[in-house]
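Below: the structure, in structure tokens.
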Amino acid sequence: MANSKLVPQYWHDLPFGEILQAEIEAALAPWWPRIFGYHLLKVGALSSQINSLHCSIARHFSLFDGLDANIQADPHYLPLQQNAIDAVVSCFLLEFEQNPYQILREFDRVLINSGYVFIVGFNPVSPVFAGKILPKYQSKVPWNGQFFMPSRVKDWLGLLGYQVLADERLMHHSLLGPVGRQADHQPWWQKSLAHWLPSTGSVYVIVARKLTVPLTPIKDKSKISAPNWSTAPSAGRTGLSKNK
């Protein structure tokens, strides 16, 4: 597991953290009335602080390695039964864990068929990647984590049998500079990116749904035997005999 001292535990641990939280909550808000069930699992400390009060699911639980969690556990090995969760929320979790694909496999194991997964992460093809290049920021949160391409995360989900329903970008901002600076005071080039290249947002929000395997196998048409047609009787087609 990643070093807990370098993993954000609260939104204010991230630059512009409160603004990030507000934008992510606004992006997730339209989905809450659309999902139903009994259990919503928020994996990671930041996920646990996301407002989901308008979610139609009755019970909400947080899981991470911390005292404030409802369930204290390693996200690589969820202490939950198979097919027990209706939806999973993961905010900036994969960036700071050793085996992100294993975490997604655990999400898949505990999710019901047709369950939802919400994954939020930092987009490396965006202004926020500047902190990865500048030595001053490389050892600071969030640039000390590993940024994954959204396309890679979607490939992982595809391998697990998920249908991606949405892939949104937020915050066309580098997150560099004084913490007190407002994110809406962006240089002109960042505003141009948001207008002309919306896919370069610094944060991605992926919504995917677990596909249900059909219970009735579909017959292979090539193996359907052709009808056994019987030949019609000759009905006395014998040649005429000539009397000599």
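Listed here are the residues, each with its yes/no results for (1) under 20 Å from E18 (Cα atoms); (2) out of contact with any helix residue (DSSP H, G or I) (no Cβ under 8 Å at 6 or more places or on another chain); (3) open to solvent by less than 60 Å² (accessible area, probe 1.4 Å).
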residue: N123; (1), (2), (3): yes, no, yes
residue: P127; (1), (2), (3): yes, no, yes
residue: G131; (1), (2), (3): yes, no, yes
residue: Y137; (1), (2), (3): yes, no, yes
residue: L159; (1), (2), (3): no, yes, no
residue: M171; (1), (2), (3): yes, no, yes
residue: G177; (1), (2), (3): yes, yes, yes
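The one condition from (1) at pLDDT 95 or above; (2) part of a helix (DSSP H, G or I); (3) more than 17 Å from L157 (Cα to Cα) that I103 does not meet is (3). Filtered by the rule that a residue be open to solvent by 10 Å² or more (accessible area, probe 1.4 Å) and within 15 Å of L211 (Cβ to Cβ), the stretch 87-108 gives a lone residue, D108.
Within the set L41, L80, L67, the sole residue that is in contact with a strand residue (DSSP E or B) (Cβ under 6 Å, 6 or more places away or on another chain) and more than 20 Å from D167 (Cα to Cα) turns out to be L41.
A count restricted to the stretch 151-175 and to residues that are part of a helix (DSSP H, G or I) and in contact with a strand residue (DSSP E or B) (Cβ under 8 Å, 6 or more places away or on another chain) stands at 4. Considered as a group, the residues in the stretch 130-150 that are part of a helix (DSSP H, G or I) and among the aliphatic types (A, V, I, L, M) include one that is nearest to the chain's Cα centre (by Cα), and that residue is A130.
The values are calculated or read from the model by the stated rules, or taken from the named source; none is laboratory data. Predicted, not measured: the structure shown is a model, and the values here were computed from it. A quick note on method: Cβ atoms are made from the backbone with ideal geometry, for glycine too, and the neighbour counts reach across all protein chains shown. Note: areas computed on protein heavy atoms with side chains; ligands, DNA, RNA excluded. Shrake-Rupley method; radii C 1.70, N 1.55, O 1.52, S 1.80 Å.
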